[in-house]
Amino acid sequence: MIPEYPKLKSLELEDLKNLGKHLELNPKAVCEFSPTNLFIWKDFDRPRLTLINGNLCIKISPPNEPPYFLEPIGNNKLPETAKTCLSETGKISRVSESFLSLIPQESLKIKCLRDHFDYIYSTKELAELKGKKFDGKRNHIKKFQSRFPEYKFIPLEPEMKRAAMDLFEKWYKARKQTRYFPKFAHESQKKALEESFKYFNELRLVGGSLFVGKALKGFSIGSELNRETVSVHLQYGDPSTQGTSQVILWEACKKIYSKYTLINLEQDLGIPGLRKSKLSYHPYKLERKFEIEV
């Protein structure tokens, strides 16, 4: 049971059904509202739920920034609800453009959050990779196919957890610790991955796995964000094998995510290499996000 404000409760597995009902009535396009994202990252983001004027409000308290509310889920007295959220945390963050148009902006400071824009693509386009703009991607895939003609791409299963965790450690070890990959990033990603496999069926996850012989070379995990969009939460490839990331995404769009018109590859978090990679796939659009402060 989600309490009325000022009481809040930590997100539990049994809350996801209630959260899903609110989102079904008020669909969201940004990845922060994926029930899967909220759950697998809960040890890092520490989401807490409350009802304000009948709207579901989620307070986030990550270790790397001050607490904030996500935009309220609902349509009842939104200006008053936003005011209550702001009185609690001082800011509402990861706000969609559509929500900004629903509240008066006088006396509010609005900041654009470029590092948190979601990258949205046509699933069909990434499955076909037609045209000159995808020449580089096709070349990587052809080289991989030439090197490993016997490779397999099959649905990801919970039983693959051990191999996936080992691959994640190999992937992370190849990254030097920087401001983009601080120490807590390893633990938070590892925990999110463990939660994904532990609650794979309860979270209704879907995913694909890339094998060369018996060796797992990469995998992708996603879930439905809304009826036309799948959100990809976690994707890792063997850093020692060129072309794995291109093959994983291409195969997943053909075989795993094809029922969805759009695919959300989520944010780049300001990481230069990740931004370059996501832009190189020519997004259909960038889902803009903002931060509201008094």
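Here, each number is a calculation from the coordinates, and none is a lab measurement. Because the structure is a prediction, the values reported are computed rather than measured.
A few comments on the model shown:
- Ellipticity estimate at 222 nm from DSSP helix runs (n ≥ 4, -39,500 (n - 2.57)) divided over the chain, nearest 500: -10000 deg cm²/dmol
- Calculated diffusion of the range 190-283, Stokes-Einstein form, Kirkwood radius summed over Cα pairs, 37 °C and 0.692 mPa s, µm²/s: 233 µm²/s
- Whole-Hz Karplus values for the range 78-88 come out as 5, x, 5, 5, 4, 4, 5, 4, 5, 5, 7 Hz, taken residue by residue from phi with 6.51 cos²θ - 1.76 cosθ + 1.60 and θ = phi - 60°; glycine and proline positions read x.
- For the residue pairs Lys21/Lys42; Lys191/Lys255; Lys132/Lys214; Lys17/Lys254, alpha carbon separations beyond 31 Å are given by Lys132/Lys214.
- Over 21 Å (Cα to Cα) - which of Lys152/Lys278; Lys133/Lys173; Lys130/Lys259 fall in this group: Lys152/Lys278; Lys133/Lys173
- In the frame of its principal axes, the range 9-116 has Cα extents of 38, 31, 24 Å, reported largest first.
- Overall form of the range 118-266 per C-alpha gyration tensor (a/c, 1.5; a/b vs b/c): rounded
- Separation of alpha-carbon centers, the range 3-81 and the range 147-183, rounded to whole Å: 30 Å
- Sequence-distant contacts, meaning Cα pairs under 8 Å at least 6 residues apart, place the relative contact order of the chain at 26 percent.
- Taking amide H atoms as placed 1.01 Å from N in the peptide plane, the amide H of Leu205 has no partner under 5 Å among residues 5 or more positions away or on other chains.
- Between the range 254-294 and the range 221-237, the alpha-carbon center distance in angstrom: 11 Å
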